[in-house]
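What follows draws every value from the coordinates through simple rules; no lab data is involved. All of these numbers come straight from a predicted model, not from anything done at the bench. Here the Cβ is made from the backbone with ideal geometry for all residues, glycine too, and neighbour counts use every protein chain on show.
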Amino acid sequence: MAPLPQISGGPARWVLTATVVLWAAFGAIGAACADDAHADDRRYGASTQSPYEDVVDEVMFAITEHNFRITGGNEIGGAIGKRHDTPFPRSEIVHFCNLEYARKFLEIAPGFLLHMPCKVALYEHEGRVVVETQLLPEDDPRLVELTREVNGILQAIVDAATDE
Amino acid sequence: MKGAVKLIATVLAGGAAAVAAATAHANGSLADQHWNDDIRQVHFQNRPIIESDDVIQLHMPERAEDPTVVPVNIYAMMPQTEERYIKQVTLFIDKNPVPMAGRFGFTPKSGRADVSMRIRVAEKTPVRAIAELNDGTLYMSAKSIEASGGCSGPLPTDLDKALSRLGKMKLNVGAAPTADEPLSTLLRISHPNITGLQVTTGEGEYTPALFVETVKVSYGGDVVFSAETHISISADPTFGFYFMPQEGGEMVAEVTDSTGKTFTKIVTVPGRTL
């Protein structure tokens, strides 16, 4: 293998050094962006001081106001507390769906099923009730209009439930 | 709580501006035999009804995801004034067991004759909103909706809990009043609104009907919103409407159900800023 060319100094050395540094920096940024594409980056939430039961009512109301059907839920906090016979902060997941949206998504991308159904999490944290949802990914150009529409609804549900 | 009021106000105000005027259907809903021969005769006899979206517009999904809770918004396309106002809007769901879902009363002090609610839909059906003006003219806005089983849907999982909260109300008024703008209001009534067509789980028998019959909301002693409703209104009836704030005062909501029980809720509304 031929030896690497020697760079004796001067402007060429600084240009090379800067190029290497910039290349490394962009690489790191790119890697970070890839990491940020994970689910945590799509979390949207807010919190409120309203009583927990009231917030649950607001979430249910907002979901149905947008013509979504509540398909299920899990009171995870209650289940944990019951198993261990000890109080556990209230926390639950509400699942909901609009089949017309689902049909449109799945006709284009059957694998989008993994992002269904829509869900909202409610939990007590530091004296407040947190309401969070996981927005749909907007990286598929075939679906971006639909996902933005549904994401707008998800955000509206969280906002309505936590607006004081 | 204010989020729900804001949500309703946003849908009412934004939707009224955004909904395109529907074209009147030359051979559309007025020609339906069940409507013309039965429902219309009972409620309006041979009074002419103008099919138009220029006075009110009915807005609802084309297909109900949950037929027991279908959001309905009725937008008034004209302001309420002493000279000309919508005094009543009646909502019909043609193929429901009781087609008249509700009759909603307004006055000039209502500000706007918009109303929102959630309804049960038994099967695919035309839905009609009929507005009657103070001069007696009738206008209709109609849509069709696909749904199934809304009136015989399941009872609340915990009916005893629902009955223990019977008649509890939340009455939420929108943002701080400013001059000349009607305020959006959301009245939520805790009531299972049992249709009489729902089977008690595990017993195979129908649970007797128990539903909200009348609603009257007054502000400063004047009625700003009223309703006569029946089983087509969803459980935990929720009504969005407007009123004109004045010097401030008490808003009183009075609700009676089919057993004659009366429930009352009073909130203080601050006066408008000048």
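What number results when the radius of gyration of region B:27-167, computed over Cα atoms, is divided by 2.2 N^0.38 Å?
Relative to the rule-of-thumb radius for its length, region B:27-167 sits at 1.11.
A compact globular protein would have a Cα radius of gyration near 2.2 N^0.38 Å; the ratio found for region B:34-74 is 1.51.
Close amide H contacts of B:TYR206 (hydrogens built in the peptide plane, cut-off under 5 Å, sequence separation of 5 or more or a different chain): B:THR200. On the basis of the beta-carbon distance and an R0 of 25 Å, A:ARG142 and A:LEU99 show a calculated FRET efficiency of 0.80. If R0 is taken as 25 Å, the Cβ-Cβ distance between B:THR268 and A:GLU164 corresponds to a FRET efficiency of 0.85. The simple spin-label model puts a point 7 Å past each Cα toward its Cβ; for A:ASN74 and B:VAL42 those points are separated by 4.7 nm. Measuring against 18 Å, Cα to Cα, the residue pairs A:LYS104/B:LYS143; B:LYS87/B:LYS216; B:LYS87/B:LYS170; B:LYS95/B:LYS143; B:LYS168/B:LYS265; B:LYS87/B:LYS124 contain A:LYS104/B:LYS143; B:LYS87/B:LYS170; B:LYS87/B:LYS124 as the ones spanning a longer distance. Distances between placed amide hydrogens fall under 5 Å for B:GLN246 paired with B:ARG272, all partners being 5 or more residues away or on another chain. The order of the peptides B:106-115, A:133-142, B:230-239 by mean Cβ neighbours within 10 Å, most packed first, is B:106-115, B:230-239, A:133-142.
Report the equivalent ellipsoid semi-axes for region B:141-183 in whole Å, largest first, defined as the square roots of five times the eigenvalues of the gyration tensor built from alpha carbon atoms.
Sorted largest first and rounded, they come to 33, 24, 6 Å.
Within region B:47-109, the proportion of Cα pairs with more than 14 Å between them is 68 percent. Charge tally for B:ASP135 (other residues, Cβ to Cβ under 14 Å; Lys, Arg +1; Asp, Glu -1): 0.
For chain B, dividing the convex hull volume of the Cα atoms by the residue count gives 130 Å³ per residue. When N is the residue count of region B:144-216, what does its C-alpha Rg come to as a fraction of 2.2 N^0.38 Å? Expressed relative to 2.2 N^0.38 Å, the Cα Rg reads 1.51. Counting beta carbons within 10 Å around each of A:CYS118, B:CYS151 and listing the fewest first gives the order B:CYS151, A:CYS118. Centre-to-centre separation between the Cα atoms of region A:118-134 and those of region B:215-274: 32 Å. Taken about its Cα centre, chain B carries a charge dipole of roughly 540 debye when the Cβ of each Lys and Arg holds +1 and the Cβ of each Asp and Glu holds -1. Helical content alone sets the calculated 222 nm signal of chain B at -3000 deg cm²/dmol, taking -39,500 (n - 2.57) per DSSP H segment of four or more residues and averaging over every residue. The alpha carbon convex hull volume per residue for region B:123-274 rounds to 145 Å³. Quick one: plug the Kirkwood hydrodynamic radius of region A:43-164 (C-alpha pairs) into Stokes-Einstein at 4 °C, 1.567 mPa s, and report D in µm²/s. Estimated diffusion coefficient is 86 µm²/s. The stretch between A:THR86 and A:ASP41, if pulled fully straight at 0.36 nm per residue, gains 12.9 nm over its current Cα-Cα span.
Couplings 3J(HN,Hα) for region B:210-227, derived from phi with the Karplus relation 6.51 cos²θ - 1.76 cosθ + 1.60 (θ = phi - 60°), are 8, 8, 6, 9, 9, 9, 9, 10, 10, 9, x, x, 9, 6, 10, 7, 9, 8 Hz, where x marks Gly and Pro.
Geometric descriptor of region B:84-206, per residue, is 133 Å³ (volume of the convex hull of the Cα atoms).
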